[in-house]
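Peer 1: Structure below; questions to follow.
The values are calculated or read from the model by the stated rules, or taken from the named source; none is laboratory data. Note that the coordinates shown come from a computational prediction; the quantities given were computed from them, not determined experimentally. Here Cβ is always computed from backbone atoms with ideal geometry, including for glycine, and neighbour counts include all displayed protein chains.
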Amino acid sequence: MRRYQWIRWRKILLWLGIIAAVLIILTVGGPTYWAVAWGIVTLLFQLLFAIVFIIIQFVALFWFLARGRTYWILPGETGSTWDDYRGNPEIVENAKRIVTLLKGVKEFKEMGGEAIRGLLLCGPPGTGKSYLAQVIANEAQVPFAYASAPSFQNMFFGVGNLKVMGLYRKARKRATEYGACIIFIDEIDAIGMKRQGGGMGAGGMLGMGGAGLLNELLLQMDPPNIDSTKIAKLLRSLGLRRKKAERPPVMTIAATNLPDVLDSALLRPGRFDRQLWVDSPDYDGRIDVFQYYLKKVKHDETLTPEKAALDTIGYSPAQIKHIVNESVVIAHQRGAQVTNYEDFRAAMETYEWGIAQPLRSMSEDEKRNVAYHEAGHAVAQFLLKPHERVWKVTIIRRGGALGLAATKPTHERYNRSDSEILAEIQVCLAARAVEEEFLQKKLNGVTSDLHRATELAGAYLGIVGMGDELFSWLATGSRVDGLKSLRPKINELLQDQMLQVKKLVRDYSDFVHAIAEELLKRGDLTGEEIEELHEQLYGQGKSVSAEEEQNQ
């Protein structure tokens, strides 16, 4: 008999001897020994049950935490089409090309190409990035998974990795079934930030395992060609698996407002092959969006897509949808059956400035101070800014402001001249000029105005090179140092603009007094009403002669 066989039999005989000895002791000892033995066995079973129960608790807890907060939409479950995505026709055209590739994955591979792995959608909030991904999935007739990147993070290290693995495992399964699959990850900057030394930055323990989570995402987006299904593993263990593994076409679409903070490994080809910047729509795009949403609500002829689009320069589709809905709410509250342009304006004012909250306890002298303050801004805006129109002037408190004078561009503009920046500085200083010229005092309400004027003057001299020097403090990396070095010149520029705007309000003193008196009577004025006051006083509409005179 070989030695290792004898050792095995020796162990068996030893255990049999121990069991026999225990039985003999129990037989000789009688009922007392049996009771003790039964107590020991019962205790062991209780300990075993407690251990198993604790293990089951931890397994159940980690299973619960590892479940991805993912919402699945299968083909046919949503009716979102290209006709529902408005405002960015160029984005739609690019998205249609991606859908064509998703529908023809097999033919594309036969041509020698590889399916697109990832698409990164960048842009401001509310521009329709997540909605575009949903439309792409519906048009391609493939499953669509929606996941928020912060939902992958967890207080337990490694649970986020399990969530990512589970999501992509399910996506590959459905891609095999339907031909392709799309995973949409919103706010991907939450887990995709640039990694830094020491395990911090995007990850580490303080980042809830962000670095490891990002590594897992990178692996799942561009995995090796390995078939990891249970059947493949079984066949491989039996030596029967010889077929070349193929990766199911899973496309990852992600959205972010901060593309500059993403890790370079995430942006390389093979992961996010393409990037689309989804911006707010231009004038024509906003008309398209308003036509889409206004068709769904009852409105009269005063509210037109063209008029609304002109008032909402810079608005995103989500903001436009909100304003249209709020205008319907306001119309319903006043008992009307249809909404109109005044409801639309009221909705915009509430959205941009907050609800109106009159200060009934304000003294007449304080109201007069606020009225002349805003009248100064309004006169300067009306006379010095030909490319903008006064939209609303009010001395009724909204948000944190006792009053305001707001303008809207007459059309979309993408650059500003030196004279326009100087005009903006004068608008900021106009309130102080009116206080000194007509109220003979200085008030603390110009705090934000002086801050804005100083910033504009600093940019005029120290960033865009419109002064005597071409120096830019951006090159120094310190804005504070740049402001300090230019402080004398900034103050000189502000003093010069103050002299000019003081002359302006003196020349148009009747206009200032008229606006202030109307504000004291009515509380607020529209741009059209201010233009009517100008016509009554000077016999003409808005003129750019004031700016032209200053530039001469």
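Peer 1: Mind telling me which of the residues ILE330, ILE320 ends up being over 23 Å from SER448 (Cβ atoms), within 22 Å of the chain's Cα centre (by Cα), part of a helix (DSSP H, G or I) and β-branched (Val, Ile, Thr)?
Peer 2: Just one listed residue meets the conditions, ILE320.
Peer 1: Mind telling me which of the residues ALA405, ALA431 ends up being crowded, with 18+ Cβ neighbours inside 10 Å, within 19 Å of LYS502 (Cβ to Cβ) and within 30 Å of the chain's Cα centre (by Cα)?
Peer 2: After applying the criteria, what remains is ALA405.
Peer 1: When the range 359-398 is examined, which residues are found to be among the aliphatic types (A, V, I, L, M) and either assigned to a helix (DSSP H, G or I) or under 13 Å from ALA433 (Cα atoms) (or both)?
Peer 2: VAL370, ALA371, ALA375, ALA378, VAL379, ALA380, LEU383, LEU384
Peer 1: May I pose another question? Please go through (1) in contact with a strand residue (DSSP E or B) (Cβ under 6 Å, 6 or more places away or on another chain); (2) surrounded by fewer than 20 Cβ atoms within 10 Å (Cβ to Cβ) for HIS377 and return the number of the only condition it doesn't satisfy.
Peer 2: Result: HIS377 passes all but (2).
Peer 1: Here's another thing I want to ask about it. Say whether the condition of being surrounded by 15 or more Cβ atoms within 10 Å (Cβ to Cβ) and not in a helix (DSSP H, G or I) is met by at least one residue in the range 489-512.
Peer 2: Checked the range 489-512: at least one residue is surrounded by 15 or more Cβ atoms within 10 Å (Cβ to Cβ) and not in a helix (DSSP H, G or I).
Peer 1: A follow-up question, please. Only one of (1) surrounded by 14 or more Cβ atoms within 10 Å (Cβ to Cβ); (2) charged (D, E, K, R); (3) over 24 Å from the mean Cα position of the chain (by Cα) is not met by ASP365, so which one is it?
Peer 2: (1)
Peer 1: Checking GLY335 against (1) touching a residue at least 24 places away in the same chain (Cβ under 8 Å); (2) more than 29 Å from CYS428 (Cβ to Cβ); (3) assigned to a loop (DSSP other than H, G, I, E, B), which test does it fail?
Peer 2: Failed condition: (1).
Peer 1: Being in contact with a Lys or Arg (Cβ under 8 Å, 6 or more places away or on another chain) and surrounded by 23 or more Cβ atoms within 10 Å (Cβ to Cβ) narrows it down to one of PHE382, PHE344, so name that one.
Peer 2: PHE382
Peer 1: What single numbered condition from (1) part of a helix (DSSP H, G or I); (2) among the small types (Gly, Ala, Ser); (3) modelled with pLDDT of 80 or more fails to hold for SER80?
Peer 2: Failing condition for SER80: (1).
Peer 1: Under 8 Å by Cβ, and 6 or more places apart or on different chains, what pairs join a residue from the range 307-325 that is among the acidic types (Asp, Glu) with one that is not in a loop (DSSP other than H, G, I, E, B)?
Peer 2: Cβ pairs passing all conditions: ASP311/PHE344; ASP311/ARG345; ASP311/MET348; ASP311/TRP391; ASP311/LYS408.
Peer 1: Separate question: Enumerate the pairs (first residue in the range 161-182 and of a type in the set (Phe, Trp, Tyr); second residue anywhere and crowded, with 23+ Cβ neighbours inside 10 Å) with beta-carbon separation below 7 Å, excluding pairs fewer than 6 apart on the same chain, so at least 6 apart or on different chains.
Peer 2: Pairs that qualify, where the first residue is of a type in the set (Phe, Trp, Tyr) and the partner is crowded, with 23+ Cβ neighbours inside 10 Å, are TYR168/VAL250; TYR178/VAL142; TYR178/PRO143.
Peer 1: Anything in the range 475-524 that is acidic (Asp, Glu), touching a residue at least 24 places away in the same chain (Cβ under 8 Å) and either within 16 Å of GLN426 (Cβ to Cβ) or in contact with a Phe, Trp or Tyr (Cβ under 6 Å, 6 or more places away or on another chain) (or both)? List them, or say none.
Peer 2: Scanning the range 475-524 gives a single hit, ASP507.
Peer 1: Scan the range 8-30 and tell me whether some residue there is outside any helix (DSSP H, G or I) and either more than 20 Å from PHE184 (Cβ to Cβ) or at pLDDT below 70 (or both).
Peer 2: Yes, because at least one residue in the range 8-30 is outside any helix (DSSP H, G or I) and either more than 20 Å from PHE184 (Cβ to Cβ) or at pLDDT below 70 (or both).
Peer 1: Going by the conditions given, is SER130 assigned to a helix (DSSP H, G or I), over 30 Å from ASP288 (Cα atoms) and under 21 Å from the mean Cα position of the chain (by Cα)?
Peer 2: Criteria not met by SER130.
Peer 1: Among the small types (Gly, Ala, Ser), closer than 25 Å to LYS307 by Cβ and in a helix (DSSP H, G or I) - does that describe any residue in the range 421-434?
Peer 2: No, the conditions are met nowhere in the range 421-434.
Peer 1: Right, something else. Give me the residue from the range 436-460 that is touching an Asp or Glu at 6+ places or on another chain (Cβ under 8 Å) and under 19 Å from ASP418 (Cα atoms) and, out of that set, surrounded by the fewest Cβ atoms within 10 Å (Cβ to Cβ).
Peer 2: My answer is LEU456.
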